[in-house]
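Structure record follows, encoded as structure tokens.
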Amino acid sequence: MKKAALLGILVLAVCFAACNSESGSATGASNSDSPYAAQVDSLLSIMTLEEKIGQMNQYNGFWNVTGPVPAGDEAANKKYEHLKKGWVGSMLNVRGVENVRAVQKIAVEESRLGIPLIIGFDVIHGYKTLSPIPLAESASWDLEAISNSAKVAAAESAASGINWTFAPMVDIGRDPRWGRVMEGAGEDPYLGSLIAAARVKGFQGDDLSDPFTIAACTKHFAGYGFAEGGKDYNTADFGTSTLYNMVLPPFKATVDADVKTFMNSFNVLNGIPATGDQFLQREVLKGKWNFQGFVVSDWGSIGEMIAHGYAEDGKHAAELAANAGSDMDMESYLYVEHLAELVRNGRVDETYITDAARRILTVKYELGLFEDPYRYCDEAREQETIGKAEHQEAVLDMAKKSIVLLKNDNNLLPLKKSGQRIAVIGQFANDKNSPLGSWRIAADDNTAVTLLEGLAAYPDNSITYAEGAAVTVGENSFVMEAAINEDDKSGFAEARRVARAADVVIMNLGEVGWQSGEGRSRVNIDLPGVQQELLEAVYEVNPNIVLVLQNGRPLALPWADENIPAIVEAWQLGTQSGNAIAQVLYGDYNPSGKMPMTTPRDKGQIPIYYNHKSTGRPVIPAPNLVFWSHYMDESNAPLYPFGHGLSYTTFQYEGLAVNANGDGTFKVSFTLTNTGAIKGKEVAQLYIQDVAASVTRPVRELKGFQMVELAPGASQEISFTLTDTELGFYDNDGEFVVEDGLYRVFIGGSSATEYSAEFTR
Ligand code: BGC
């Protein structure tokens, strides 16, 4: 620390004008608006080319950092040598104060300039205390709760030495086969943009140098969620209208929310690997959007441009990535290896190197790392912060809000609190691991509250448990696919026995925590293994079933929807999972979640999303006529539409009116009434359709929502103002346009609402 601070003072005086003259020369270059511009430029002026490139180099954690570097481990020794030379700007996957302090110490005390490292980690839905998976959180539509969940994650990870998370993932997810839909906010760019900004705000707070906040990283730029066939890492290919209107808005929203970093992506988009895409990174992100932070590559994605068939070799890949605006190389080892030579040979302009280093150093200043490189390394804070009661309460709150009541015939739910014989069936009800979901590297295994544990808080009912069938055989692992139980039904008889003797059966079925996430695409989006058969076998003896789903993606379960009276979408809810589900089942929390993704009836309908374009033949022109846009063997309708979610009460929408305000804006108003018997929250949704436009618009698009809590019988007048922001769209040149003509507005409790009005702009 002493060395770094001293250095800051020394260099202030040096060469300010000379360094500044480089800014602005390259496309999308950083500008000098930052309060740290003078310090950063002074520092840059005394850095060698190799040291600047060093800032652009990120290494994964590489040995037990508190011990000696193992003899004979060449890779680790090389990384250690590079650290000492000041050739490493960042490390990822080093965590815990003791470890972070150890690597930071090498960078700060042993390298020539003592520039501190920025320490990155995938803090995706909590650090040790886990929130629901991000897709589940998004089902809450509760921006404040989501932001608070990110704040808790920031506090715990920052206390553990981390100062940079690789989150939020803002990729639009339309394909439930893609395992990473669990990590995003679903299919809608409007909801996705608001959630993305809320997460950035939660991670970064108002002051990045506050030791309880961390830098966020918007990923994956861009198109990663459109992997063909839902197969992870696959090619993406879509037109400009989709790019500008569907894919880019959540990214832009985070730039507006002052996100500090971006990550590019593994995929090829329209023939160009995103990592080597100048248009995306230089023209759009750093140029048009004036993003001042830095872009990190995805893991090894610079090197992967060779396999993509875009770069001839590692050196060529480094050249393409640096020229395209990828500022930091995560684990390809190619910048550190080749960039200096590429600059000397004139293949990469040094202004790009200086610009990248400037961006990285600026974020380090903003984090307060130059003031104190050990700002995030406080053992006492680590002890006090991680897992504290307040965090448990926050993730419980978030978990309850994330649950979606999909179906509730005959008011089977909420459960009566006494005198009931309840059979609980399914592996997950007794599984402390799966509710933690995917992407939870720092959390300890088996730390979730199970459903059985949650239900135990209601002691006046009797509970009998039967596993029914194991979902996996053996351990969760990287080869999960092979470990699903496809045949063992030996527990069915016991499950049927306990079900027969019960008033109500709770079946907790779904996916193992590791069945979604990176590299976990599925061809089938049903209940894995023999669970569907188990459900049907139990149904035969007692149809009074509450199906509690636990999953990382929407599951297509048409049989369940047709036959099972109550279905609860409980995702993977994190540490407090069982408590949250129990409180919802018993009505201590009235469910308020709404689906952030369309649920198909059948995987063959994929891609299926509510904001699709109309075809020229959208409806059947005459009975039995075949020539319209449909399937012969399945309806066009989803199982559950985007925005769907029930409550234990009911809501009525009436009195819809649209009035011009006279200033080019329009007021949409209506009355919402709680028509049921208990207090409840409704997410009132507003969709618009631009009926005829110069580039065709979706059949409807979410453009507003409000969460309203009403006592039984109570009504509230609700209004939205539609401005050009809501009415406009991006044309095929990426320009935002607003057009005159007829608009339709729809309001209701899901995207399937038909309650509408029209107005003319
Ligand atoms: C993922 C990123 C992640 C990175 C670092 C990659 O495989 O695609 O989302 O942040 O690894 O763990």
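For TYR224, are the conditions met, namely being open to solvent by 10 Å² or more (accessible area, probe 1.4 Å) and either within 16 Å of the ligand (Cβ to nearest atom) or under 13 Å from the mean Cα position of the chain (by Cα) (or both)?
no
What number of residues within the range 227-257 satisfy the criterion of being touching a helix residue (DSSP H, G or I) at 6+ places or on another chain (Cβ under 7 Å), assigned to a helix (DSSP H, G or I) and within 16 Å of the ligand (Cβ to nearest atom)?
Matching residues across the range 227-257 total 2.
Looking at the structure I just gave you, is VAL295 in a strand (DSSP E or B) and out of contact with any Pro (no Cβ under 8 Å at 6 or more places or on another chain)?
Numbers: in a strand (DSSP E or B): yes; out of contact with any Pro (no Cβ under 8 Å at 6 or more places or on another chain): yes.
Judged against the criteria, VAL295 is a match.
Tell me yes or no: at least one residue of the range 59-80 is within 16 Å of the ligand (Cβ to nearest atom) and either buried (at least 21 other Cβ atoms within 10 Å of the Cβ) or farther than 24 Å from ILE214 by Cα (or both). I'd like the intermediate steps shown before the answer.
Here is the first cut: in the range 59-80, the residues within 16 Å of the ligand (Cβ to nearest atom) are 59-62.
Of the ones still in play, those that are also either buried (at least 21 other Cβ atoms within 10 Å of the Cβ) or farther than 24 Å from ILE214 by Cα (or both) are 59.
Checked the range 59-80: at least one residue is within 16 Å of the ligand (Cβ to nearest atom) and either buried (at least 21 other Cβ atoms within 10 Å of the Cβ) or farther than 24 Å from ILE214 by Cα (or both).
Any idea how many residues of the range 368-398 are under 27 Å from ILE195 (Cα atoms) and among the basic types (Lys, Arg)?
1
Among the residues of the range 106-113, are any within 16 Å of the ligand (Cβ to nearest atom) and hydroxyl-bearing (Ser, Thr, Tyr)?
no
So for the range 679-689 (the condition being part of a loop (DSSP other than H, G, I, E, B) and either open to solvent by less than 40 Å² (accessible area, probe 1.4 Å) or among the hydrophobic types (A, V, I, L, M, F, W, C) (or both)), does at least one residue qualify?
Within the range 679-689, the subset part of a loop (DSSP other than H, G, I, E, B) is 679.
Keeping just the survivors that are either open to solvent by less than 40 Å² (accessible area, probe 1.4 Å) or among the hydrophobic types (A, V, I, L, M, F, W, C) (or both) gives none.
No, the conditions are met nowhere in the range 679-689.
Being away from the ligand (no atom under 16 Å from the Cβ), open to solvent by less than 10 Å² (accessible area, probe 1.4 Å) and touching a strand residue (DSSP E or B) at 6+ places or on another chain (Cβ under 8 Å), is that true of even one residue in the range 118-138?
no
Just one of TRP141, TRP164 is modelled with pLDDT of 95 or more and away from the ligand (no atom under 16 Å from the Cβ); which is it?
Values: TRP164 fails: away from the ligand (no atom under 16 Å from the Cβ).
Checking each option against the conditions leaves just TRP141.
May I ask you to say which residue of PHE166, PHE121, PHE203 is aromatic (Phe, Trp, Tyr) and within 19 Å of SER516 (Cβ to Cβ)? Please lay out each step first, then the result.
Values: PHE121 fails: within 19 Å of SER516 (Cβ to Cβ); PHE203 fails: within 19 Å of SER516 (Cβ to Cβ).
Matching residue, one of PHE166, PHE121, PHE203: PHE166.
Residue under question is GLY86, and the condition is that it be within 17 Å of ASP329 (Cβ to Cβ) and either at pLDDT 95 or above or open to solvent by 10 Å² or more (accessible area, probe 1.4 Å) (or both); does it hold? Even if it seems obvious, please write down each step before you answer.
Numbers: within 17 Å of ASP329 (Cβ to Cβ): yes; either at pLDDT 95 or above or open to solvent by 10 Å² or more (accessible area, probe 1.4 Å) (or both): yes.
For GLY86, the condition - within 17 Å of ASP329 (Cβ to Cβ) and either at pLDDT 95 or above or open to solvent by 10 Å² or more (accessible area, probe 1.4 Å) (or both) - is met.
Filtering the range 89-105 down to residues that are open to solvent by less than 10 Å² (accessible area, probe 1.4 Å) and within 16 Å of the ligand (Cβ to nearest atom), which residue is farthest from THR354 (Cα to Cα)? Before the answer, list the steps.
Here is the first cut: in the range 89-105, the residues open to solvent by less than 10 Å² (accessible area, probe 1.4 Å) are 89-92, 94, 97, 100, 103-104.
Adding the requirement that they be within 16 Å of the ligand (Cβ to nearest atom) leaves 89-92, 94.
Details: GLY89: 14, SER90: 17, MET91: 20, LEU92: 23, VAL94: 27 Å.
Among residues in the range 89-105 that are open to solvent by less than 10 Å² (accessible area, probe 1.4 Å) and within 16 Å of the ligand (Cβ to nearest atom), the one farthest from THR354 (Cα to Cα) is VAL94.
Looking at (1) farther than 19 Å from ILE506 by Cα; (2) free of Cβ contacts under 8 Å to residues at least 60 places away in the same chain, find the lone condition where THR447 falls short.
The failed condition is (2).
Output the qualifying pairs, or none if there are none: Cβ atoms under 8 angstrom, residues six or more apart or on different chains, first residue in the range 319-344 and open to solvent by less than 10 Å² (accessible area, probe 1.4 Å), second residue within 16 Å of the ligand (Cβ to nearest atom) and among the acidic types (Asp, Glu).
Sorted first by the residue in the range 319-344, then by its partner, the pairs are ALA321/ASP329; MET330/ASP298; TYR335/ASP329.
Identify, from the list LYS231, LYS252, LYS260, the residue that is of a type in the set (Lys, Arg) and open to solvent by less than 40 Å² (accessible area, probe 1.4 Å). Before the answer, list the steps.
Details: LYS231 fails: open to solvent by less than 40 Å² (accessible area, probe 1.4 Å); LYS252 fails: open to solvent by less than 40 Å² (accessible area, probe 1.4 Å).
From the options LYS231, LYS252, LYS260, the qualifying one is LYS260.
Just to be sure, is VAL683 in contact with a Ser or Thr (Cβ under 9 Å, 6 or more places away or on another chain) and under 19 Å from HIS644 (Cα atoms)? So that I can check it myself, show each step before the final result.
Working: in contact with a Ser or Thr (Cβ under 9 Å, 6 or more places away or on another chain): yes; under 19 Å from HIS644 (Cα atoms): yes.
Here the answer is yes, as VAL683 does meet what is asked.
Among the residues of the range 271-303, count how many are within 16 Å of the ligand (Cβ to nearest atom), open to solvent by less than 70 Å² (accessible area, probe 1.4 Å) and of a type outside the set (Gly, Ala, Ser). Give the steps one after another, and end with the answer.
Residues of the range 271-303 that are within 16 Å of the ligand (Cβ to nearest atom), as a first pass: 273-275, 293-303.
Filter once more, keeping what is open to solvent by less than 70 Å² (accessible area, probe 1.4 Å): 273-275, 293-298, 300-303.
Narrowing further to those that are of a type outside the set (Gly, Ala, Ser): 273, 275, 294-296, 298, 302.
Total satisfying the criteria: 7.
Go through the range 626-651 and count every residue that is in a loop (DSSP other than H, G, I, E, B) and within 24 Å of the chain's Cα centre (by Cα). Lay out the reasoning, then the answer.
Start the filter on the range 626-651 by keeping residues that are in a loop (DSSP other than H, G, I, E, B), which leaves 626-639, 641-645, 647-650.
Now drop any that are not within 24 Å of the chain's Cα centre (by Cα), which leaves 638-639, 641-645.
Result for the range 626-651: 7.
Of all the residues that make up the range 198-221, how many are more than 12 Å from the chain's Cα centre (by Cα) and away from the ligand (no atom under 16 Å from the Cβ)?
Of the residues in that region, 12 qualify.
Residues in the range 283-316 that are under 26 Å from ALA167 (Cβ atoms) and over 24 Å from the mean Cα position of the chain (by Cα): how many?
To start, the set of residues in the range 283-316 that are under 26 Å from ALA167 (Cβ atoms) comprises 283-305, 308.
Imposing the further condition that a residue be over 24 Å from the mean Cα position of the chain (by Cα) reduces the set to 283, 287-288, 303, 305, 308.
Residues meeting the conditions: 6.
Somewhere in the range 148-159, is a residue farther than 18 Å from LEU436 by Cα, modelled with pLDDT of 95 or more, in contact with an Asp or Glu (Cβ under 8 Å, 6 or more places away or on another chain) and surrounded by 24 or more Cβ atoms within 10 Å (Cβ to Cβ)?
Scanning the range 148-159 turns up at least one residue that is farther than 18 Å from LEU436 by Cα, modelled with pLDDT of 95 or more, in contact with an Asp or Glu (Cβ under 8 Å, 6 or more places away or on another chain) and surrounded by 24 or more Cβ atoms within 10 Å (Cβ to Cβ).
Mind checking which residues of the range 174-197 are open to solvent by less than 10 Å² (accessible area, probe 1.4 Å) and either more than 16 Å from the ligand (Cβ to nearest atom) or modelled with pLDDT under 95 (or both)?
Correct list: PRO176, GLY186, GLU187, ASP188, LEU191, GLY192, ILE195.
The values are calculated or read from the model by the stated rules, or taken from the named source; none is laboratory data. Values in this document were obtained by computation on a predicted structure and should not be read as measured data. Reconstructed Cβ throughout: ideal geometry from the backbone, glycine too, with neighbour counts over all protein chains shown. The area values use the complete protein model at the heavy-atom level, side chains included, leaving out ligands, DNA and RNA. Shrake-Rupley method; radii C 1.70, N 1.55, O 1.52, S 1.80 Å.
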